[in-house]
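Coordinate-derived values only; no laboratory data. These figures come from a predicted structure and were not determined experimentally. Every residue, glycine among them, receives a Cβ derived from its backbone with ideal geometry; neighbour counts consider all protein chains shown.
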Amino acid sequence: MLARQYIQDVYQNIGLLCFGDDYLQPFKLNGLFTDSTAYNLVGWVKGTAPEDEDVIVVSAHYDHLGSKGRRIYNGADDNASGVAAMLTLAKVIAHSPLQHHVIFLATDAEEKGLYGAKAFLAQSPVPLDNIKANLNLDMLGQGGKKRRLYLAGAKYYPQFQSLVDSAIRDAPLNLLQGHEGRARGYDRKTTIDYRDASDHAEFHELGIPYLFLSVADHRDYHTEHDTAERLDPQFLHQAAQTALMVLQRMDKTLASDPF
Ligand SMILES: [Zn+2]
């Protein structure tokens, strides 16, 4: 699979560390008729406070819907955009590490039911108690006319509220607090609940604090029209800057207030 190879190449070029021999974390997917193997891609950067083995996990899923008959679902926004942002973060953090160790996790089989995140946590390369937070990135490339990006999670983890407020103030785009609980989607007919929208739900399930960055559902979501041409490169760039800012502030918040 091209995306899988590409991400591993980038991890290697950046110089991310791996657990074991490579970046692959295989796990079984049980299908109706056949079992298959899926792969998370896991790399990490050592923190600057090595007496402290605490970890932040930055995640983005790299699988998409694949193809159905003649329809090809490219998944440019969902979630090549999140993966691109995560790789940008990995590059910056590899050059200027945080106090915490940072694991960069590209998950497989998210669209099938968050299986990659489940598998990562079930066979975590570090003790679960050391995982202090998850920053999950899913759909960062289409902010619409209003250039809106949402940051969710502080409702459940109020220790992040002042971080969220400061990020909203300083973000280079229109950053809003994501709604948890049901709210109207892009088309005003569907509802979305950011809590269960993506991989961070599995971290939340174990009580691991998360923050989640995402645009609202848009009309190309889960359609053949989710292509690279529909992305807004400037918006994606600013969304990646926002994600970096959030990650750096998460590191500071966790270091100053170990809860
Ligand atoms: Zn997604």
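Please give the calculated 222 nm ellipticity per residue for the chain, where each DSSP H segment of at least 4 residues contributes -39500 (n - 2.57) and the sum is spread over every residue; nearest 500 deg cm²/dmol? Can you show the working numbers first?
Working: 6 runs with 75 residues, N = 259.
The per-residue figure over the chain is -9000 deg cm²/dmol.
Counting Lys +1, Arg +1, Asp -1, Glu -1, what net charge surrounds residue 11 among other residues with beta carbon under 12 Å of its beta carbon?
Values: positive: 4, 91; negative: 9, 22.
Net charge in that neighbourhood comes out at 0.
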**Message:** I'd like to know which of 242, 24, 218 lies farthest towards the positive end of the charge dipole of the chain, counting +1 on Cβ of Lys and Arg and -1 on Cβ of Asp and Glu.
**Reply:** 218
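Quick check on the stretch 212-259: take the gyration tensor over C-alpha atoms, sort the square-rooted eigenvalues as a ≥ b ≥ c, and tell me if it's rounded (a/c under 1.5), prolate or oblate. Before the final figure, lay out the partial values.
Working: a/c = 5.26, a/b = 2.47, b/c = 2.13.
The shape class here is prolate.
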**Prompt:** Using a simple charge model, +1 on the beta-carbon of Lys and Arg, -1 on the beta-carbon of Asp and Glu, nothing else, what dipole does the chain show about its Cα centre, in debye to the nearest 20?
**Reply:** 920
**Prompt:** Using only Cα atoms, what is the ratio of the radius of gyration of the chain to 2.2 N^0.38 Å?
**Reply:** 0.95
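Report the relative contact order of the chain, percent, no decimals, based on alpha-carbon pairs under 8 angstrom and at least 6 residues apart. Present the calculation step by step, with values, prior to reporting the outcome.
Details: 499 pairs, mean separation 59.2, N = 259.
That works out to 23 percent.
Taking the beta-carbon count within 10 Å as an exposure proxy, list 27, 235 from fewest neighbours to most. If you can, show how the numbers build up before the last one.
On the way: 27 17, 235 22.
In increasing order of surrounding Cβ atoms, one gets 27, 235.
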**Asked** What FRET efficiency comes out for the pair residue 19/residue 229, r = Cβ-Cβ distance, R0 = 45 Å, nearest 0.05?
**Response** 0.75
**Message:** Straight-line reach from residue 91: which lysines fall under 18 Å, measuring Cα to Cα and dropping same-chain residues less than 8 apart?
**Reply:** 46
**Request:** Normalise the Debye intensity by I(0) for the stretch 1-98, one equal point scatterer per Cα, no solvent, then take log10 at q = 0.12, 0.24 Å⁻¹ and round to two decimals.
**Result:** -0.48, -1.39
